[in-house]
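Here's the structure, in structure tokens; my notes come after.
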Amino acid sequence: QKEVEQDPGPLSVPEGAIVSLNCTYSNSAFQYFMWYRQYSRKGPELLMYTYSSGNKEDGRFTAQVDKSSKYISLFIRDSQPSDSATYLCATRDTSGTYKYIFGTGTRLKVLA
Amino acid sequence: NAGVTQTPKFRILKIGQSMTLQCTQDMNHNYMYWYRQDPGMGLKLIYYSVGAGITDKGEVPNGYNVSRSTTEDFPLRLELAAPSQTSVYFCASSPPDRNTEAFFGQGTRLTVV
């Protein structure tokens, strides 16, 4: 079982739609969860992070972690063509190696 | 702020050639990482380092070598390039605090023919 699994997409939505991106993880010890956004031919950039369970909101973006089900979600409201990118969920192994563990990424296209 | 800088941005290698991908960061981060990204496969960890003089293997280290002689630099060496090493390579760095993100470079796109 992969440590972090992500719906691969691709996902195409009309402008203004609500987008839901999802990941699951296997290790209940993981505490810190991140969403990276990667534009074509660029490096990943941190979009949001959450610690432990709960929601975090930043403008049109909401990150959610449900530790009981080991589920991570990113919601995008009023999606824009500029949101078209690959979104990667990630966590960090804090048991000693401090390695980052990434999902495979979901490619999102928002159609104008 | 330069952040994480990778060179070159693009390279074409012939099978059997060698090259070094350069990575430098100016944030005084202890941790540095090399990932490769293949279409639909996400980011796979090649090697990582927790500080100068200390390196360790990730998921896919075969065919690669690294060194970390300074805090700033973490070069990745490809010996005897193979077509399977065609990929986009990303270097990243992070501070030692456990609840912090990794900062990525812009990537090196490598083709082995």
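The values are calculated or read from the model by the stated rules, or taken from the named source; none is laboratory data. Everything quoted here is computed from the prediction, not taken from an experiment. FYI the Cβ positions are ideal-geometry reconstructions off the backbone, even for glycines, and counts take in every protein chain you see. Accessible surface areas use protein heavy atoms only, side chains included; no ligands, DNA or RNA. Shrake-Rupley method; radii C 1.70, N 1.55, O 1.52, S 1.80 Å.
Each residue in the stretch B:61-87 was checked for being within 19 Å of B:I12 (Cα to Cα) and of a type in the set (D, E, K, R), and 2 pass.
Summed over the stretch B:82-102, the residues that are more than 8 Å from chain A (Cβ to nearest Cβ) and of a type outside the set (S, T, N, Q) give a count of 7.
Residues that are in contact (Cβ under 8 Å) with a residue 60 or more places away in the chain and not acidic (D, E): does the stretch B:51-61 have at least one?
Checking the stretch B:51-61: not a single residue is in contact (Cβ under 8 Å) with a residue 60 or more places away in the chain and not acidic (D, E).
Restricting the stretch A:4-17 to residues that are assigned to a strand (DSSP E or B) and more than 17 Å from A:F102 (Cα to Cα), the residue that is least open to solvent (accessible area, probe 1.4 Å) is A:V13.
Only residues that are under 27 Å from A:K2 (Cβ atoms) and more than 9 Å from every other protein chain (Cβ to nearest Cβ) were counted across the stretch B:1-28, and they come to 2. Residue check: is B:Y35 touching a Leu at 6+ places or on another chain (Cβ under 8 Å) and at the interface with chain A (Cβ under 9 Å from one of its Cβ atoms)? Yes, satisfied. Filtering the stretch A:85-112 to residues that are farther than 15 Å from A:N27 by Cα and out of contact with any helix residue (DSSP H, G or I) (no Cβ under 9 Å at 6 or more places or on another chain) leaves A:A85, A:T86, A:Y87, A:L88, A:T104, A:G105, A:T106, A:R107.
Across the stretch B:1-35, the qualifying residues are those that are among the aliphatic types (A, V, I, L, M) and within 13 Å of B:Q106 (Cβ to Cβ), and the one among them that is most open to solvent (accessible area, probe 1.4 Å) is B:A2.
When we screen A:T50, A:T62 for residues that are within 14 Å of another protein chain (Cβ to nearest Cβ), without any contact (Cβ under 8 Å) to a residue 24 or more places away in the chain and more than 24 Å from B:G58 (Cβ to Cβ), the only hit is A:T50. Within the stretch A:18-62, the only residue that satisfies the criterion of being of a type outside the set (V, I, T), open to solvent by less than 70 Å² (accessible area, probe 1.4 Å), more than 30 Å from B:T108 (Cα to Cα) and touching a Leu at 6+ places or on another chain (Cβ under 9 Å) is A:S20. With the requirement that a residue be within 14 Å of chain B (Cβ to nearest Cβ), under 18 Å from A:M48 (Cβ atoms) and among the β-branched types (V, I, T), what does the stretch A:67-112 give you? Across the stretch A:67-112, the qualifying residues are A:T86, A:T91, A:I101, A:T106.
Screening B:L76 against (1) away from every other protein chain (no Cβ under 11 Å); (2) modelled with pLDDT under 95; (3) open to solvent by less than 30 Å² (accessible area, probe 1.4 Å) leaves a single unmet condition, (2).
Quick check: anything in the stretch B:88-100 open to solvent by less than 40 Å² (accessible area, probe 1.4 Å), under 18 Å from A:I101 (Cα atoms), hydroxyl-bearing (S, T, Y) and in contact with a His (Cβ under 7 Å, 6 or more places away or on another chain)? Yes, some residue in the stretch B:88-100 is open to solvent by less than 40 Å² (accessible area, probe 1.4 Å), under 18 Å from A:I101 (Cα atoms), hydroxyl-bearing (S, T, Y) and in contact with a His (Cβ under 7 Å, 6 or more places away or on another chain). Number of residues in the stretch A:74-89 that are crowded, with 16+ Cβ neighbours inside 10 Å and touching an Asp or Glu at 6+ places or on another chain (Cβ under 8 Å) equals 2.
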